[in-house]
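In what follows, a single structure is set out as structure tokens and then discussed.
Derivation of every value follows stated rules applied to the coordinates shown; laboratory data play no part. Computed from a predicted structure; not experimentally measured. Here the Cβ is made from the backbone with ideal geometry for all residues, glycine too, and neighbour counts use every protein chain on show.
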Amino acid sequence: MSELRDLYQEVILDHGKSPRNFGRPPAVTGESHGHNPLCGDTVTIYLEVADGVVTDIGFEGRGCAISMASASMMTEMLRGKSVDEVQTMFTQFHALVAPAEPACEADFEAPDLDKLIVLAGVREFPMRVKCATLAWHTMKAALEGEAEEVTTE
């Protein structure tokens, strides 16, 4: 189990130090800004949606390794997905990391979702759940055209 935990930690640190899709894409149809006041994480999610599909996605921000890794991994997974698939993935991810939700790791066996298992450990640390979900809630707001800043409070 220790080896698996070490691997998960390595993946989180890799995405945290070298985030994928960092920056604003050339064409943006939706964006939203999110903030976690307790630990200071900030993120802006940029989406390009065409014909009901996320054709491009990026983010900018700063924060802890979990926050940046979650945003990085999310952007890798959502590009090319339909809006309906993105909504489903949001729900599944939230259930995976939120302590109040029943664990649904079985739902993450699909190749495009299994990488998110590395973030499941935040369930044990309620303050870190907000770090892991900030980008996802901000993405959902961008997808739905919500103009207000997303906050974890």
Quiz item: How do Phe93, Phe125 rank when sorted from fewest to most other Cβ atoms within 10 Å of their own Cβ?
Solution: Phe125, Phe93
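Ranked by Cβ crowding within 10 angstrom, fewest neighbours first, how are Thr138, Thr44, Thr151 ordered?
Thr151, Thr44, Thr138
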Quiz prompt | Choice from Asp84, Asp114, Asp51 with maximal GNM fluctuation in the chain (Cα, 10 Å cutoff) | solution = Asp51
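Rounded to the nearest 0.05, what FRET efficiency do Ala65 and Leu38 have when you use their Cβ-Cβ distance and R0 = 25 Å?
So, using R0 = 25 Å, E works out to roughly 0.95.
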Quiz prompt | Most mobile of Met68, Met89, Met139 in a GNM of the chain (Cα contacts under 10 Å) | solution = Met89
Practice problem: Please give the contour-minus-distance gain from Ala50 to Ser18: 0.36 nm per residue of separation, less the Cα-Cα distance, rounded to one decimal in nm. | Solution: 8.7 nm
Quiz item: Counting alpha carbon pairs within less than 8 Å and at least 6 residues apart, what relative contact order, in whole percent, applies to the stretch 2-151?
Solution: 30
Quiz item: Taking the Cα centre of the chain as origin and charging only Cβ (+1 Lys, Arg; -1 Asp, Glu), how large is the dipole, in debye to the nearest 20?
Solution: 420
Practice problem: With springs only between Cα atoms under 10 Å apart, run a GNM on the chain and tell me which of Glu31, Glu124, Glu48 wobbles the most. | Solution: Glu124
